């Protein structure tokens, strides 16, 4: 029996959390998915028990996704992170490289795409191979 991968999803929009949570838990019981509605809540969750992958929105009121990623990387430099944004991922490409973010996806998200990127990010994290963008 393989160990379930732990995924933390962070977004201030409850609908996005629900859709992503539902999309990932339906994948053959491979993932344990935890949600957080803010960066502060996410850091509390991350501090309690590490995650294999963090998926975070970039624009949130208390702490944006870049700040959250910096804090997570300070706790675990090998943490795998995927950003999601409704504001165009091309604007943050330099930050993805600096923070070793696996990918930045534009909203609205396609369920098949997010599942594929999550699978690839987790596989890359096991081998510590960053995605080439």
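What follows is calculated from the coordinates using simple rules that are stated; it is not laboratory data. Because the structure is predicted, anything quoted here is derived from the model rather than measured. Here Cβ is always computed from backbone atoms with ideal geometry, including for glycine, and neighbour counts include all displayed protein chains.
Structure values in brief
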{"read-out": "Taking all pairs of distinct alpha-carbon atoms in the range 43-100, Kirkwood radius in angstrom", "value": "11.7"}
{"read-out": "Cα→Cβ-extended label distance, 7 Å offset, between residue 126 and residue 40, nm", "value": "3.8"}
{"read-out": "Pairwise FRET efficiency - residue 86 versus residue 3, Cβ, R0 = 25 Å, nearest 0.05", "value": "0.15"}
{"read-out": "Full-extension gain in nm, residue 29 to residue 48, via 0.36 nm per residue minus C-alpha separation", "value": "4.6 nm"}
{"read-out": "Highest-first arrangement of 36-43, 120-127, 106-113, where packing means the average Cβ count within 10 Å", "value": "36-43, 120-127, 106-113"}
{"read-out": "Protection proxy ranking, peptides 4-17, 68-81, average beta carbon neighbours within 10 Å, highest first", "value": "4-17, 68-81"}
{"read-out": "Spin-label pair residue 62/residue 113, simplified geometry with 7 Å Cα→Cβ offset, distance in nm", "value": "2.9"}
{"read-out": "FRET efficiency estimate (nearest 0.05) - Cβ-Cβ, residue 77 to residue 21, R0 25 angstrom", "value": "0.40"}
{"read-out": "Mean ellipticity per residue at 222 nm, deg cm²/dmol - from DSSP H runs of n ≥ 4 across the chain, formula -39500 (n - 2.57)", "value": "-13000 deg cm²/dmol"}
{"read-out": "Ratio Rg/Rh [Cα only; Rh per Kirkwood] for the chain", "value": "0.92"}
